[in-house]
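S.K.: Below you'll find the structure I mean.
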Amino acid sequence: MKNFIILLFVLGNLSLFAQEIVPVKQDMVFAVKQNPLETKKNSIGIRYSGISGYGLNIQRRFFENYTFKFTGLIHYSEYIKGYKDSTNYEDRKNILYDYGFELQRDVFKTDGMRVSVLGGIYFSNEENKEESDGIFYDENFTKDKIVGGIGVSLEFYIKKALSVNFDFGYVFDNTEGKEDEIPVTENKTQLGLGIGLSYLF
């Protein structure tokens, strides 16, 4: 009888101990699953990247460890001074657009951040024209740029549904265009840096 009571006492303590451990283990799994960088598959924000462009940024997570990003911007400015037939007439126009794509693969994650390797490419076009008294000056040019590179991205989850990312990489830049109707080509390699702020949803 005494052995039976001791056995009940031990089993009772074991069951209490098991009940205390299971919720903690479940809470740990629950916390990892609730990491917003993983559970929220979409985001929108602003971004500047020397690897995949700058402007408005939209991203989508797919599978478990991959993220696809699209970034783009259109900018137009015009400045006109005076009357067209006057001696002090001035007309300046500047058109710029760029768009780029980036693919990321997660290599390390915690509850509040992730580290990814990435590859990206972006295209841009810039056109600048200045006219004064009907004469075009040296400031006129057009440029077509293609940039591609690889790198590493660090993304951190901050308050509510916001994240901030920092990118580091190496890029190849090809620029072709015309300056006062003279063809120009420029090729270079350089560091590609980036920063962005996104709203997760």
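The values are calculated or read from the model by the stated rules, or taken from the named source; none is laboratory data. Since the model is a prediction, treat every value here as computed from it, not as a measurement. FYI the Cβ positions are ideal-geometry reconstructions off the backbone, even for glycines, and counts take in every protein chain you see.
S.K.: Exactly one of (1) touching a strand residue (DSSP E or B) at 6+ places or on another chain (Cβ under 7 Å); (2) at pLDDT below 90; (3) of a type in the set (Lys, Arg) is unmet by LYS84. Its number?
M.R.: Looking at each condition in turn, LYS84 falls short on (1).
S.K.: In segment 145-191, which residues are of a type in the set (Ser, Thr, Tyr) and loosely packed, with under 14 Cβ neighbours inside 10 Å?
M.R.: Result: TYR170, THR185, THR189.
S.K.: Let me ask something additional. Does GLU181 satisfy the condition of being more than 27 Å from ILE46 (Cβ to Cβ) and of a type in the set (Asp, Glu)?
M.R.: yes
S.K.: Also, I was wondering about something else. Please go through segment 151-186 and give me each residue that is touching a helix residue (DSSP H, G or I) at 6+ places or on another chain (Cβ under 7 Å) and assigned to a loop (DSSP other than H, G, I, E, B), ordered by number.
M.R.: We begin by selecting, within segment 151-186, every residue touching a helix residue (DSSP H, G or I) at 6+ places or on another chain (Cβ under 7 Å); these are 155, 157, 161, 163.
The one that is touching a helix residue (DSSP H, G or I) at 6+ places or on another chain (Cβ under 7 Å) and assigned to a loop (DSSP other than H, G, I, E, B): ALA161.
S.K.: Please give the number of the condition GLU90 fails out of (1) at pLDDT below 85; (2) loosely packed, with under 12 Cβ neighbours inside 10 Å; (3) not polar (S, T, N, Q).
M.R.: All conditions pass for GLU90, except number (2).
S.K.: Oh, and also: Where residues in segment 71-123 are among the polar types (S, T, N, Q) and touching a Gly at 6+ places or on another chain (Cβ under 7 Å), which of them is nearest to LEU200 (Cα to Cα)?
M.R.: In this case the residue turns out to be THR71.
S.K.: Please enumerate the residues belonging to segment 53-73 that are among the charged types (D, E, K, R) and touching an Asp or Glu at 6+ places or on another chain (Cβ under 9 Å).
M.R.: Scanning segment 53-73 gives ARG61, GLU64, LYS69.
S.K.: Select from segment 37-63 the residues that are in contact with a strand residue (DSSP E or B) (Cβ under 8 Å, 6 or more places away or on another chain), not in a strand (DSSP E or B) and not hydroxyl-bearing (Ser, Thr, Tyr) and list them in ascending order.
M.R.: Result: LEU37, GLU38, LYS40, LYS41, GLY50, ILE51.
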